[in-house]
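Laboratory data are not the source of any read-out in this text; all were calculated from the coordinates shown. Note that the coordinates shown come from a computational prediction; the quantities given were computed from them, not determined experimentally. Cβ atoms come from the backbone with ideal geometry, glycine included; neighbour counts cover every protein chain shown.
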Amino acid sequence: AIDNMDKNNNLWYEKNVLKVSKNGKYGLIDFNGKELLPIEYDEITTLDGMENSIIIKKDEKVGLVNDNGSIIIDVNYKEIKALGETYKEGYITIDESDKYGVVSATKRQILENKYDEISSVYLKDYYLVKENGKKELIDSDGIIIISWYDGVITSSPSWFITPHLFCAYSVKYW
């Protein structure tokens, strides 16, 4: 079984999938022994605290599969992080140039890897990004909703404060 830990360090296991190894390589099978993912990966781990999110590593690059062995993110990245609290919210990908992008749980590239930082906000399909020192609130099409330079005083996943604006992402602006 593949173990995982939630944010409170509670141990749990991925459902319906087992990690197998042969000659130093790893793959996935189901409980009936059916191959879900070929035995060709250098490492298979979970994305901590994320159900249905299994990290695969090959030749020093990582990708992501679900617990059915379906590839969600190809093995092309330096790192993959959770975008939110569940796999349904998608993933942040970080490439070899340390540029950030976003991929959905349905394999769709939402934002290309061109940002210096990305975080999600509680409004669906909006992202707080930083590119070339400039911070912006953008939508899933990359359209800028709010733009500012390093004027953000503080922020959280649901609001931010600039010298001239407080914004709560529940679409209330003051």
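Brief remarks on what is shown
- Normalised per residue, the volume of the convex hull around the Cα set of the range 1-63 (Å³): 83 Å³
- Listed residue (Ser104, Ile94, Ser119) projecting farthest to the positive dipole end of the range 79-143, Cβ model: Ser104
- Debye-formula intensities of the range 88-130, expressed as log10 I(q)/I(0) at q = 0.16, 0.22, 0.26, 0.33 Å⁻¹, are -0.36, -0.67, -0.90, -1.26 (one equal scatterer per alpha-carbon, no solvent).
- Over every Cα atom in the range 37-91, the radius of gyration and the widest Cα-Cα span, Dmax, amount to 10.3, 30 Å.
- 24 Å Cα-Cα threshold exceeded, pairs from Lys15/Lys99; Lys25/Lys88; Lys58/Lys134; Lys61/Lys81; Lys19/Lys58; Lys88/Lys134: Lys15/Lys99; Lys25/Lys88; Lys58/Lys134; Lys88/Lys134
- Counting only residues at least eight positions apart within a chain, or on another chain, the aspartates and glutamates with an alpha carbon under 20 Å from that of Lys130 are Glu79, Glu89, Asp95, Glu96, Asp98, Glu112, Asp116, Glu117, Asp139, Asp141, Asp150.
- Dipole axis of the range 1-115 (+1 Lys, Arg; -1 Asp, Glu on Cβ), positive-most option in Asn10, Ser70, Thr45: Ser70
- Applying a DSSP loop filter and a limit of 11 other Cβ atoms within 10 Å to the trypsin sites (Lys or Arg not before Pro) in the range 82-151 leaves Arg108, Lys124.
- Cα gyration tensor shape of the range 1-108, rounded if a/c is under 1.5, else prolate or oblate by comparing a/b with b/c: oblate
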